[in-house]
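First comes the structure, then the notes that go with it.
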Amino acid sequence: MKEIRFWAVVVWCICLYGSSAWSQTSGDIVGKISQPQGPAAFANITLAGTTLGTVTDENGRFRLSNIPFGRYDLTVSAIGFKTVTVTFQHNQPETSVTLSQEEDVSSLDEVVITGTMKEVSKMESPIPVEVYAPSLFKKNPTPNIYEALNMVNGVQPQMSCNVCNTGSIQINGLEGPYTMILIDGMPIVSSLSTVYGLSGIPNSMVKRIEVVKGPASTLYGSEAVGGLINVITRDPSQASRWQIDTYGTSVGEFNLDVSGAFKMQRVTSLLGINHFRYNERRDINQDNFTDVTLQNRISVFNKWNFPVFSGKMASLAGRIFYEDRWGGEISWEKNLRGSDQVYGESIFTNRYELIGTSPLSAREDLSFDFSYNYHHQNSYYGTTFYLASQHVGFAQIRWNKAYGDHDLLIGLPYRYIFYNDNTPGTANEDGTNASAITHLPGIFVQDEWKITEAFTLLGGLRYDYNNIHGSILTPRISTKIKTSEKGVIRLTGGRGFRVVNLFTEDHAALSGARQVEIVNTLKPENSWNGNLNYTQTLTFSSGFVNLDAAAFYTYFTNKIVGDFLTDPNKIIYDNIDGYAVSRGITLNADASFENGIKVIAGGTWMDVFQVDQSGESSEKVPQLLAPRFSGTGSVSYELPNRKWMFDLTARVNGPMFMPVLPNDFRDEKSPWVPLLNLQISHHIHTSKAHWEIYGGVKNLLNFIQRNPLLHPDDPFDRAGGKYFDNDGNPRPDTNPNGYTFDVAYSYAPVQGLRGFLGVRYTLH
């Protein structure tokens, strides 16, 4: 009887357990991640297609609780190691996963899309593409991408106005208008928005930034003459649940970045908000002008991903941007906007963007891309009123087809630009206003032919029809030779063209007291560009080094330049009668060592000039604001416990020719400009979140530009004043050289040494 009772209890327990097990629909996922040196401490764990994730503990272990049963892709990522993904079936109360990571000894396997408009590993791309992760820019936090690009070798944010602090991005010495700015591959930043388009993109939304140095007009059209910058935003399905990054500086700057990822059934969304505020009136150099523009900026970015064909994903994103900025005399107030009592430059900017892409076929690699942006600017430069609006629409059908050793890409792009302002740039001969409307339909074909495993040939041709300037052809050819397992040589050549809208691209034409003179009808610029690139990874027992070297040459005809030197009271614009050249070499090195030290260094030497053939003999004129040498670098050290990080970042610009006036007391060349920054960060990891407290010093050497303004004590150049008589002629005693108020002499920041402190929070 006792035995019967015992077995009855056993059977009852089994049934109870069985019924409980059968009724259970979720369980825990546990695991351990290892690396060659031991446990993978504080590695990121994510479940693809969800917002679920965590980080490993000091022993490389992790736990995800109450996960519904199903099939999952688990991804492990950590800095300095290759990302690993495993697919498994989760149907137990506790599912165990064990993985190991290998060291990422090279960045050659990173996925890039900008060079060829398709996803391909960096190693296999026939077009050289540089990739920069947000981790680089976190070493020296900035409130916008424009300033962050100062850490990229060969890329120079160049400020063109010392009062309103507008600027543009130079690549290899070519002015900002020659650089095309993309967001997720869409030409969203152009013309009127060139000087402000990179402000306000929430840094937390950025997955990586891809930079192409060299001709890209064959795929991307006008403006991609010198190269392009493509800001790739995060995939909502792979983003952290919440990210918050906020910091302030000792001079009163405040920046806030917030992003959140959401999932609604099969639809995922990523929302990002950026707010920047600076309201401190500072005048370190005692010229009675603000050292930096005061700003109040807010930007909201929202991206959606949703399935359409057989699991293929479509994407739709939008951004709203508003900024109020002003600079000028310290005593300026908003009620004095546009008056001649106190000089001020006030700019209101409203901007709306929409970008998207969608597959058009379940079987074919056929997609539709589109973007639209509206940019409105209401501004005063002293008493000069500048009101401008711009609508840019873009649509494109892309078809990618692989056949044999060939990979064919065909595109049908169309671009519409509506531009209107109150300047002579949009005026009829009788002085009445006339909006500028540009229609730019086109077609491009690209064939990537993999001749052998080591040799690839890429050729492309684009045809555009501009309703003002007619037909335009832009070819490109590139070769890739794989010299070893980790070595590649690339040779690229191509043609570029650019149609200029003067006032949208050069705010020096609006700011200051100079008059603008356009000598002739401006013709489109043409260029031919060549680029030779070599990449190699060297490994050794204690680490690895990635090397990237390039030589570039660009030849221009019909180049449009502003003449600041002939007449001190004018800026004279015309196509040059001759040619222009940009040539040089660049070298990047990225080293990582087992002892926790990482070094990034880069240098660029270039010679940028134009040859004027209008006279009896040719005259070589150097390009203004293009340093012969520039360099970037960073040294980072992470303690073995991965809780403390030390970062020293640097940027150095060599002397460059400046826009001086005849008999100017300021030097024709700027001095060497060294900018150093130091940051210390502390990391706190929990099972579900990551905290980072960081702080440091910017402009460690306290380097400040002297005399950024000419005649700041009389910015209106008043007749009967200190520098001009009652008839408006220069006074021989106080102004013998006829100087006017000038804001374009800019080679370094006016802000000196300042501290910063911030916090980052990530909820996985």
query = Any residue in region 268-280 that is of a type in the set (V, I, T), in contact (Cβ under 8 Å) with a residue 24 or more places away in the chain, under 30 Å from T114 (Cα atoms) and part of a loop (DSSP other than H, G, I, E, B)?
reply = no
request  = Could you check N288 against (1) on the phi > 0 side of the Ramachandran plot; (2) out of contact with any strand residue (DSSP E or B) (no Cβ under 7 Å at 6 or more places or on another chain) and say which number it fails?
outcome  = (2)
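This table checks each residue for (1) assigned by TED's automatic domain parsing to the domain that holds T293; (2) at pLDDT below 95; (3) out of contact with any Phe, Trp or Tyr (no Cβ under 8 Å at 6 or more places or on another chain).
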residue	(1), (2), (3)
Y380	yes, yes, no
T383	yes, yes, no
Q390	yes, yes, no
I410	yes, no, no
G425	yes, yes, no
E429	yes, yes, yes
H439	yes, yes, no
W449	yes, no, yes
task = For D725, indicate whether it is surrounded by fewer than 18 Cβ atoms within 10 Å (Cβ to Cβ), over 26 Å from L625 (Cβ atoms) and modelled with pLDDT of 90 or more.
result = yes
Which listed residue is part of a strand (DSSP E or B) and modelled with pLDDT under 95, from S592, S681, S634, S630 = S592
message = Here is a check on your reading of the model: is R651 farther than 21 Å from T554 by Cα, of a type outside the set (A, V, I, L, M, F, W, C) and touching a Phe, Trp or Tyr at 6+ places or on another chain (Cβ under 6 Å)?
response = no
note = P659 fails exactly one of (1) in contact with a Leu (Cβ under 6 Å, 6 or more places away or on another chain); (2) surrounded by fewer than 19 Cβ atoms within 10 Å (Cβ to Cβ), namely (2)
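So, in region 742-764, exactly how many residues are in a strand (DSSP E or B) and of a type outside the set (D, E, K, R)?
Let us first name the residues in region 742-764 that are in a strand (DSSP E or B), namely 742, 754-763.
Still in the list and also of a type outside the set (D, E, K, R): 755-759, 761-763.
So the answer is 8.
Residue check: is E692 surrounded by 17 or more Cβ atoms within 10 Å (Cβ to Cβ) and either under 29 Å from S331 (Cβ atoms) or not assigned by TED's automatic domain parsing to the domain that holds M151 (or both)? So that I can check it myself, show each step before the final result.
Values: surrounded by 17 or more Cβ atoms within 10 Å (Cβ to Cβ): yes; either under 29 Å from S331 (Cβ atoms) or not assigned by TED's automatic domain parsing to the domain that holds M151 (or both): yes.
Criteria met by E692.
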All positions within region 680-696 that are touching a residue at least 60 places away in the same chain (Cβ under 8 Å) and under 21 Å from G53 (Cβ atoms) = H683, H685, T686, S687, K688, A689, H690, W691, E692
key: Which numbered condition V750 misses (of (1) aliphatic (A, V, I, L, M); (2) more than 20 Å from G248 (Cβ to Cβ); (3) at pLDDT below 90)   = (2)
message = With the requirement that a residue be exposed (fewer than 15 other Cβ atoms within 10 Å of the Cβ) and either of a type in the set (S, T, N, Q) or free of Cβ contacts under 8 Å to residues at least 24 places away in the same chain (or both), what does region 59-80 give you?
response = N59, S65, N66, G70, R71
inquiry  = Looking at K669 and the list (1) touching a Lys or Arg at 6+ places or on another chain (Cβ under 9 Å); (2) farther than 18 Å from T142 by Cβ; (3) in the same structural domain as W242 (by TED's automatic domain parsing); (4) free of Cβ contacts under 8 Å to residues at least 40 places away in the same chain, which single condition is not satisfied?
reply    = (1)
Filter result for S193 (farther than 29 Å from L387 by Cα and touching a His at 6+ places or on another chain (Cβ under 6 Å)) = no
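Here is a yes/no grid of residues against (1) over 18 Å from the mean Cα position of the chain (by Cα); (2) surrounded by 18 or more Cβ atoms within 10 Å (Cβ to Cβ); (3) among the charged types (D, E, K, R); (4) on the phi < 0 side of the Ramachandran plot:
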site	(1), (2), (3), (4)
L228	no, yes, no, yes
I232	no, yes, no, yes
Q238	yes, yes, no, yes
Y247	yes, yes, no, yes
E253	yes, yes, yes, yes
A261	yes, yes, no, yes
S269	yes, yes, no, yes
note = Among D733, D664, D717, D713, the single one that is charged (D, E, K, R) and assigned by TED's automatic domain parsing to the domain that holds R282 is D664
inquiry  = Here is a check on your reading of the model: is V206 modelled with pLDDT of 85 or more and not acidic (D, E)?
reply    = yes
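The values are calculated or read from the model by the stated rules, or taken from the named source; none is laboratory data. Note that the structure is a prediction, hence the values are computed from the model and not measured. Every residue, glycine among them, receives a Cβ derived from its backbone with ideal geometry; neighbour counts consider all protein chains shown.
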